[in-house]
Amino acid sequence: MANISRRQFLKSAGVAALAVAALTGCKKIPDTDIPDVPEVTSVDLRVLFVDEKGNPVGNSVTGVYETTVLKDAKKYDPKLIPADKLPKGYELISEDEVDIISESTPKIAKVPVKLEESKPASQSKVFVTLKFFNGGVADRHVEVIANKVFDLKSNPNERVCYADIKDSLLAQCKDIEPDETWESYLKIVDGGYEATVWMGVALKG
């Protein structure tokens, strides 16, 4: 390459700067034709969701969250991820900051997630007396689980119905045909609630 003078170099730099300024609309440094380009303070970051073993979770859409971080950041805080941006049905394994992999473009951060823990349904223990329509069969007292929480202090007239205890009742009493229209008031007893009305049932067969 032929040698160029300092004057020619500055002239060339000025032309290039003007071109940049025209494209970007940047202001010029006072008394020069050089654009005043703001310093870049943030860069793109691609958050990749992974499982406990580091395997990808989700696909190219659900398994990725695009954001920005300070260009010199070394760590990323997973708590900054909006809940609706996590893969559906997953939650953070930890809220600890994770390393940012700066060798790639954009930068990458791998955030471990796990399946959300299923929350148990609100339940109450209910004691029910079963009276058989079949002659000669003794009453049966059963302890069942109702899929709801009762609050007799606020509502003394609250009632339990067959649908509330159906699953628990049939799981332990497979030989009965219950009255599906049954419902009863309750009273508080040790360990739970007692139905004040017995349930009529028949033995199968």
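Among the residues of segment 104-116, how many are within 18 Å of E66 (Cβ to Cβ) and of a type in the set (D, E, K, R)?
Going through segment 104-116, the residues within 18 Å of E66 (Cβ to Cβ) turn out to be 104-111, 113.
Subset that is of a type in the set (D, E, K, R): 107, 110.
Residues meeting the conditions: 2.
Taking segment 190-201 as the range and being modelled with pLDDT under 95 and either in a strand (DSSP E or B) or surrounded by 14 or more Cβ atoms within 10 Å (Cβ to Cβ) (or both) as the test, only G192 passes.
The residue pairs whose first member lies in segment 38-63 and is farther than 22 Å from P82 by Cβ, whose second member is of a type in the set (V, I, T), and whose beta carbons are closer than 7 Å, counting only pairs six or more residues apart or on different chains, are E52/I93.
Residue-wise test of (1) surrounded by 14 or more Cβ atoms within 10 Å (Cβ to Cβ); (2) touching a residue at least 60 places away in the same chain (Cβ under 8 Å); (3) in contact with a Cys (Cβ under 8 Å, 6 or more places away or on another chain); (4) more than 16 Å from S124 (Cα to Cα).
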| position | (1), (2), (3), (4) |
| --- | --- |
| I145 | yes, no, no, no |
| V149 | no, no, no, no |
| P156 | no, no, no, no |
| Y162 | yes, no, no, no |
| D175 | no, no, no, yes |
| D179 | yes, no, no, yes |
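All of (1) outside the structural domain of T62 (by TED's automatic domain parsing); (2) under 30 Å from P56 (Cβ atoms) hold for K107 with one exception: (1). Based on this model, can you work out whether F127 counts as in contact (Cβ under 8 Å) with a residue 40 or more places away in the chain, among the aromatic types (F, W, Y) and assigned to a loop (DSSP other than H, G, I, E, B)? Judged against the criteria, F127 is not a match. Total residues in segment 104-131 satisfying the condition of being modelled with pLDDT under 95 and hydrophobic (A, V, I, L, M, F, W, C): the figure is 2. Considering only residues that are of a type in the set (D, E, K, R) and in contact (Cβ under 8 Å) with a residue 24 or more places away in the chain, which ones fall in segment 82-114? Correct list: K88, E91, D99, K107, K110, K114.
The values are calculated or read from the model by the stated rules, or taken from the named source; none is laboratory data. Not measured: the values here are computed from a predicted model. Ideal geometry is used to build each Cβ from the backbone, glycine not excepted, and the neighbour counts take in all protein chains shown.
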